[in-house]
1. Quick one: is TYR119 among the hydroxyl-bearing types (Ser, Thr, Tyr) and within 12 Å of the ligand (Cβ to nearest atom)?
2. Quick check on my filter: what residues within the range 61-85 are assigned to a loop (DSSP other than H, G, I, E, B) and in contact with a helix residue (DSSP H, G or I) (Cβ under 6 Å, 6 or more places away or on another chain)?
3. Do you know which of the residues in the range 96-120 that are assigned to a loop (DSSP other than H, G, I, E, B) and over 14 Å from the mean Cα position of the chain (by Cα) is farthest from PHE213 (Cα to Cα)?
4. Take the residues in the range 35-82 that are surrounded by 17 or more Cβ atoms within 10 Å (Cβ to Cβ) and acidic (Asp, Glu); name whichever of them is farthest from ILE117 (Cα to Cα).
Amino acid sequence: MSPSKWFLAILCCLIPCSAYAITDNQVHKLAEKGTVALTFDDGPTEEYTPKILAILKKYNIKATFFMVGNNAKNHPDMVKRVLAEGHAVNSHSLSHPMLTKVSDNQLHHEVEDPQVIIYKIIGQKPNCLRYPFGASNQHVRDVIRANGIVPLAMGFNSFDYDRPGVDKIVSWVLKNAHSGQVILMHDGFNKREQTVAALPLIIEGIKKKGLGFSQICVVAG
Ligand SMILES: [Zn+2]
């Protein structure tokens, strides 16, 4: 057996590979009918993730978080808390580059390392990797899939990261909200006060439209 296969064999003993290989048709990539999926990228952070978790708890909504591996490593208690409160923990790469612009060596680290980091914290590997900036190509998606992870696009962009004002974020999201939609917001990397302030209004507005909430990247039942 070659050294790399030995390495893989040992790694698979530590983290059973086959048990964590997820394929595209095993997970929901869209919200369930009659619902939207609230998703939060770029965290976790000490400052904003707890505020978003408190709002989700108040409304009893389970969301989906796409974490940057380095942020997960720096805030392991927050990763545990997100999972403990019933939310889905997924990957948003290791360091948030454009995966289409990095070397093959870095691409492998960006895909594989967050899986190991998050597994070490919560004992579960992410099912999906949402590629940063919505940037992917066939090679990037092939590498993600080769690691037993489902590649995911960004979903409906709330543009909360532009910080256009709470009212603008809310009206943009509510104008466009519809059954099955995946809504992208952010709990990391920058000032997210507007996201935090907009979230309860978005939730109230979506409920008024008669829509519920569901998670993505969970294994389909
Ligand atoms: Zn991002």
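1. Details: among the hydroxyl-bearing types (Ser, Thr, Tyr): yes; within 12 Å of the ligand (Cβ to nearest atom): no.
Criteria not met by TYR119.
2. ALA63, GLU85
3. SER103
4. Looking at the filtered set, the residue picked out is ASP41.
We did not get these values from a lab; they are worked out from the coordinates using the rules stated. Everything quoted here is computed from the prediction, not taken from an experiment. Note: ideal-geometry Cβ built from the backbone for every residue, glycine included; neighbour counts use all protein chains shown.
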